[in-house]
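Readers should treat all values here as calculations from the given coordinates under stated rules, not as data from a laboratory. Quick caveat, the model's predicted, so the values are computed rather than measured. Every residue, glycine as well, gets a Cβ built from its backbone with ideal geometry; the counts of neighbours run over all protein chains shown.
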Amino acid sequence: MQSEIKVGQRFKFNILSDNPSQERQAVVTRVLSNREEGLGPEVDFYLAYWVEAYELPETEAPTTLVFERGTDGNVYLDGCLVTITLLK
């Protein structure tokens, strides 16, 4: 599965849960394959690629967010299902 998201791309995301969170924005800093993450070939059955991003607005010490794109087509953040909307 090839990534549609590119470095510098801005996007909105929302964590799906029983307690819905507020929609947030982030910008992509890196898009990595499983190999680039240092993982073995067995991970290819579960995860397609990884996206590192920082949340907007920027803070003095931005926290890196790591999103995983599953082979099921879903996106996850810290193991939670997330919706992503790419911004122009």
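I need to check one value: relative contact order of the chain, counting alpha carbon pairs closer than 8 Å and at least 6 residues apart, in percent. Mind showing how you got there, number by number?
Details: 183 pairs, mean separation 27.8, N = 88.
Rounded, it is 32 percent for the chain.
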* Tell me which label goes with the value of Rg/Rh (Cα atoms, Kirkwood Rh) computed from the coordinates here: (i) 1.27; (ii) 0.96; (iii) 1.22. => (ii)
* Structure fact -> Given Cβ charges of +1 for Lys and Arg and -1 for Asp and Glu, the option among 38, 51, 77 whose Cα lies farthest towards the positive end of the dipole of the chain is 51
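Let me spell out the model: positive unit charges on the Cβ of Lys and Arg, negative unit charges on the Cβ of Asp and Glu, origin at the Cα centre of the chain. What dipole size does that give, in debye rounded to 20? All intermediate terms of the calculation are to be shown ahead of the outcome.
Working: 8 positive and 14 negative charges, 82 e Å.
It works out to roughly 400 debye.
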